[in-house]
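Here's the structure, in structure tokens; my notes come after.
No lab work stands behind these numbers, since they all come straight from the coordinates. What you are looking at is a predicted structure, and each value in this text was computed from that prediction instead of being measured. All Cβ positions, glycine included, derive from the backbone under ideal geometry; neighbour counts span all protein chains shown.
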Amino acid sequence: MASIELPHIAAAARPRAPGLFARLARHLAKNPSALIGVSIYLVFVLVAALAGSIAPYDPIEILFTEDGQLAASLPPSAAHLLGTTNLGRDVFSQLVLGARPSLFVGLTAAVAVATIGSAVGLVAGYLGGWVDRALMRLADLVLGLPFLPFVIVLVALIGPSLQNIVLTVAILLWPNAARVIRSQVLTLSQRQFIEAARVTGAGEWRIMLVHIAPNIVPLAFLYGSIAVGWAILTQASLSFLGFGATDTISWGTMLQDAYASQALDREQFSWFVPPGICLVLVVLAGFLISRGYEELLFPKLGEG
Amino acid sequence: MGTLLEVKGLSVSYRRGGVAVRAVDAVDLDVPAGAMLGLVGESGCGKSTLARALMGVLPGNASIDGGRVALDGEDLTELTPAKRRQRLWRELSFVPQTSMNALDPVYRLRDQMREVLCERGGLPTKAADERAVALFRSVGLDPVRLTDFPHQFSGGMRQRAAIAMALALNPKLVIADEPVTALDVIVQRQVLDTIRRLGRDLGLSAIIVTHDISVVTYLCGLTAVMYAGRIVEQGTTEALTRRPTHPYTMGLMNASPDLHEPVETLVPIEGAPPDLADPPKGCRFAPRCPLALAACRESDPPPVVVEPGHSAACFRAAEAGALREAARKASTWTR
Amino acid sequence: MDPLIEAFGLTKAFPVSRTWRQMLRAERPRLKAVDGIDLTIRRGDSIGLVGESGSGKTTVGRLLLKLTSITSGQLTYRGDHLDRMKGARLRGFRQQAQLVFQNPFDALNPRFNIRRIVAEPLVNLGVPRAEHETRTADSLRLVGLAEPQRYLDRLPHQLSGGQLQRIVLARALVVGPEFLVADEPVSMLDVSVRAGILNLMRDLKERLSLTSFTISHDLTLVRYICSRTLVMYLGRIIEQGPTEEIIARPAHPYTKALIAAVPRPDVDQPRDALPISGAIGSAATPPSGCRLRHRCPYAFARCASEEPPLIEVAPGHTAACHLHIA
Ligand SMILES: Nc1ncnc2c1ncn2[C@@H]1O[C@H](COP(=O)(O)OP(=O)(O)OP(=O)(O)O)[C@@H](O)[C@H]1O
Ligand SMILES: Nc1ncnc2c1ncn2[C@@H]1O[C@H](COP(=O)(O)OP(=O)(O)OP(=O)(O)O)[C@@H](O)[C@H]1O
Ligand code: SF4
Ligand SMILES: [Mg+2]
Ligand SMILES: [Mg+2]
């Protein structure tokens, strides 16, 4: 009897399935705040990548004026866009090169948090049982730790390199991601298409990686972008508090320098305001991206 | 008995991505006092939109493009939204399509009842609680369960609680959107019997929206068949089931088997209702209609009265007898 | 013919949450969703399973497909114990036994296109890639989607409910199974579309000589595609026999109610009160004796004290009710 489908539905050429990137692009186009967030990241990434050619001076070089004097505490001018520090270093060059450690810390921490969070969330949510209980206990434990004190202690123990800062941030931030991803996995496991995969012979690993994992990517992305801000702030705080590495120039060390040399009292705003703004912008970008993420996470497939 | 609800030329459209979707198009409908009217049609034909328009609870992207809705002779579309809201619950009330989930999960049913009875009906708490007990009894629920939360109820019980709430302020008309669709046969029957008893004992008038013609046949004296935003046939349920005149009604009847009659093959209606953003020219059913003539694709068939109180919007309504013969054959419907 | 599937005393119990008193007494209450049922499915059978919501129908279907573990009892497929099946034997079983889902809107991965969805079982069962394209297209044609190319690149949300349910069928059939379980295959679909899917299922069963097991609370559907029917109530089979015989001469009061409850497209249908009242209880606390007794109009003393066994009321037709024993 094989029935015939209605021609006027079937004939209408439907567009190809939009991929993740197409959806991402459409999401951004419709979502000004996310677009701003992503743009901020892009600008900073560009600056960090091209820092060498943008910065007019070596950030730690002590500069002298033409008449041989130490170029200390100069106000902004064409030669020194943001003036100089009290030791005669160019603030603008520091700001530009300071983007590198900040973004390195931010982006690696994001990847680390997203990866660990997804892996733990997937395994705990999908396998359940004692694995789930053990992992979630661990997550509770970590969530109970006070953030900054723990970072300081850990960094003091293993050394203040950027990698170690990333490590400590990742250790402290994965549980948030893992918990949310776990509950998403639990919901997904109830969906009939998961049972359908099982009935057609898909192994447990395949179900987890092929059918469930793609559906949690947006959440992992969200927690990654939140981690960027946290990691950068942590690195800055450590530097500011004097626990950071002293040999790298970062926004945090700039603030610490400015603070130590009482830039505020001397009204050298162009020294400490720009790194402060940069920090705020990067953290804000993560926040802007995370806002309205639901649309990306649960695409209303009906509106295709 | 007089006409309780009179709908004339009602049109409703949604704005969706810059285009207007006419989900209800020039609908005429009469509900006499004390009658139950079944509104049947496939998914996406505009049944819920019509129900919501009658209630005045359309979503924000919808607008009424014209027509009047008169309750006891008074045009509701001319009232301000605030005035109109005052009538909700008191004069006409609604059991929404997802009423199984429409009860608020964080409040006990008694509190939800009080909300309606005290806030809307102005009853003191004590009187409200007594009324809630009576309402629960009338829909066959144990009043003890008033202190339960909705999640402690089964699907059928939640459906009955939603009906009890709709009846709280003695409305003249209840509009129930798919009140039994998600229920199993036994619970479905119990809920249908509850509504039927309320109609018999209290003279309740109701519009029952469903896609199942058997439910309408069981419960309603009147039937209106909706297709692609229009009422294509209406009349007494007896006339419609015995003498269906619009080919769409004939198709629906074919697709609804009777458990007690042997069936050789079921006959589906091929295809799906049109996209209302771009409805076909002429009769909207023509692309799926095996009995369509060339004229059907040219202009809109107006409703024709085929016998007193029974009308159908089909160019071939006069030949209905012969069409029914043809429509009974499965071969007519498979192309 | 030899049985394809046999079950003896098949039981599935779920743990239920405990009250503090039960915790103190270290009791572990369980809900027996399926409680000791016997079942024989022969090759070529088309069996229907009916019952109210909560009677355990879906659980039986999931047991038959090894989607949930057996608590006790025996279940064999071609003589093999399902609970001991592993590795290659399990893959062989997965190729032979497939499921059609209730909700086509949920049963297809929303991020996969139709091509990937229908080919998924082929990937899982290790069918060579070269064959995927033709087998996928053949399967779509089999379910009445005459021009597969039109559908292959679409996402599920771009298709109608009826088309989606055909895709669900195509995915089940692409590996050439011999046994098909369908759990409420049309309850989410429009009446006008249901007829098409039911015709298709009947037609496929015939053409592919499938053995089918169809779950529904609606006898109209079961009558249309099943030759034998089982009636289930609170985890037990309470009546079974040829479908026509059960509908014409139901022996159990519960079956009578199930039949009477179906509304008919006939204005003169009887509208008497249902023969049973109240609601199905929880399988966690089934009544003593006959499980229907609180709702049954005929219940007498013996119904409370003794559970009625299934006895033959006509050739090949059994029912579990004391009225037929007395
Ligand atoms: N909020 C909305 N915005 C835009 N379009 C809508 C909205 N609600 C419904 N529609 C469209 O209006 C048409 C009629 O929908 P409606 O819900 O009234 O149909 P229905 O007959 O109740 O269907 P069902 O049986 O599925 O409930 C459909 O094409 C639907 O897509
Ligand atoms: N995973 C589970 N955990 C605990 N209880 C369950 C589980 N699955 C089913 N049950 C219980 O087992 C009983 C039977 O459920 P089942 O889904 O098999 O019924 P059904 O006959 O298919 O009902 P429906 O018609 O509503 O689908 C119910 O009481 C249900 O709550
Ligand atoms: S055994 Fe008794 S209670 Fe059970 S169905 Fe028969 S008569 Fe009713
Ligand atoms: Mg609706
Ligand atoms: Mg079920």
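For chain A, complete DSSP H runs whose alpha carbons reach 30 Å or more along their own long axis and whose mean Kyte-Doolittle score is 1.6 or higher are A:269-290.
Which of rounded, prolate, oblate describes chain A, given a ≥ b ≥ c as roots of the alpha-carbon gyration tensor eigenvalues and a/c under 1.5 marking rounded, otherwise prolate only if a/b is larger than b/c? Taking the square roots of the gyration eigenvalues as a ≥ b ≥ c, chain A is oblate. Name all residues of region A:167-204 having a backbone nitrogen under 17 Å from the label point set 7 Å from the Cα of A:VAL153 along its Cα→Cβ direction, giving them as ranges. Label zone hits: A:168-173. Note on C:ASP272, B:ASP104, A:ASP132: ascending count of other Cβ atoms within 10 Å places them as C:ASP272, B:ASP104, A:ASP132, the fewest first.
When the convex hull of its Cα atoms is viewed from all sides, the protein assembly as shown shows a mean projected area of 49.7 nm².
Once you order the gyration tensor axes a ≥ b ≥ c over the Cα atoms, which shape class does region C:86-226 get: rounded for a/c under 1.5, otherwise prolate or oblate by comparing a/b with b/c? The shape class here is oblate. Assuming charge only on the beta carbon of Lys and Arg (+1) and of Asp and Glu (-1), the dipole of the protein assembly as shown about its Cα centre is about 1580 debye to the nearest 20. Please turn the phi angles of region B:144-156 into ³J(HN,Hα) values with the Karplus equation 6.51 cos²θ - 1.76 cosθ + 1.60 (θ = phi - 60°), one per residue in order, whole Hz, x for glycine and proline. Calculated HN-Hα couplings, in order: 4, 6, 4, 7, 7, 8, x, 5, 7, 9, 7, x, x Hz. Extension gain for C:VAL127-C:ARG78 works out to 15.3 nm (0.36 nm per residue, less the C-alpha to C-alpha distance).
Projection of the Cα convex hull of region C:187-282, averaged over all directions and equal to a quarter of that hull's surface, yields 7.6 nm². With R₀ set to 60 Å, the beta-carbon distance separating A:LEU145 from B:SER331 gives a calculated FRET efficiency near 0.20.
As a check on your grasp of the helix formula, calculate [θ] at 222 nm for chain C: sum -39500 (n - 2.57) over DSSP H runs of n ≥ 4, divide by the residue count, round to the nearest 500.
Value at 222 nm, helices only: -9500 deg cm²/dmol.
Reported to the nearest whole Å, the Cα centre-to-centre distance from region C:295-326 to region B:134-192 is 33.
For region A:68-97, the residues whose amide N sits under 19 Å from a probe point set 7 Å from the Cα of A:ASP265 along the beta carbon direction are A:72-74, A:85-88. Exposed loop sites were defined as trypsin sites (Lys or Arg not before Pro) in DSSP loop states (anything but H, G, I, E or B) carrying at most 14 other C-beta atoms within 10 Å; in chain A the longest segment without such a site runs A:17-265. Roughly how far apart, in whole Å, are the Cα centres of region B:226-250 and region B:58-72? If you average the Cα positions of each part, the centres end up 24 Å apart.
Among the GluC sites (Glu not before Pro) in region B:254-301, those placed in a DSSP loop whose Cβ has at most 11 other Cβ atoms within 10 Å are B:GLU264. Here A:PHE92, C:PHE300 are placed in order of increasing Cβ neighbour count within 10 Å, fewest first, which gives C:PHE300, A:PHE92. When both region C:1-78 and region C:82-138 are represented by their alpha-carbon centers, they are found 25 Å apart.
Counting every other Cβ atom within 10 Å of each residue's Cβ, B:ARG230, B:ARG131, C:ARG171, B:ARG328 order from fewest to most as B:ARG328, B:ARG131, B:ARG230, C:ARG171.
Springs join every pair of Cα atoms under 10 Å in this Gaussian network model of chain A, and among A:VAL199, A:VAL113, A:VAL169 the largest mean-square fluctuation is at A:VAL199.
Using a simple spin-label model with pseudo-atoms 7 Å out from Cα toward Cβ, A:GLN190 and C:PHE8 lie 3.8 nm apart. If R0 is taken as 25 Å, the Cβ-Cβ distance between B:THR3 and B:ASN170 corresponds to a FRET efficiency of 0.80. Among the listed pairs C:LYS32/C:LYS57; B:LYS329/C:LYS57; B:LYS47/B:LYS172; B:LYS47/C:LYS256; B:LYS8/B:LYS172; B:LYS281/B:LYS329, those with a Cα-Cα distance over 24 Å are B:LYS329/C:LYS57; B:LYS47/C:LYS256; B:LYS281/B:LYS329.
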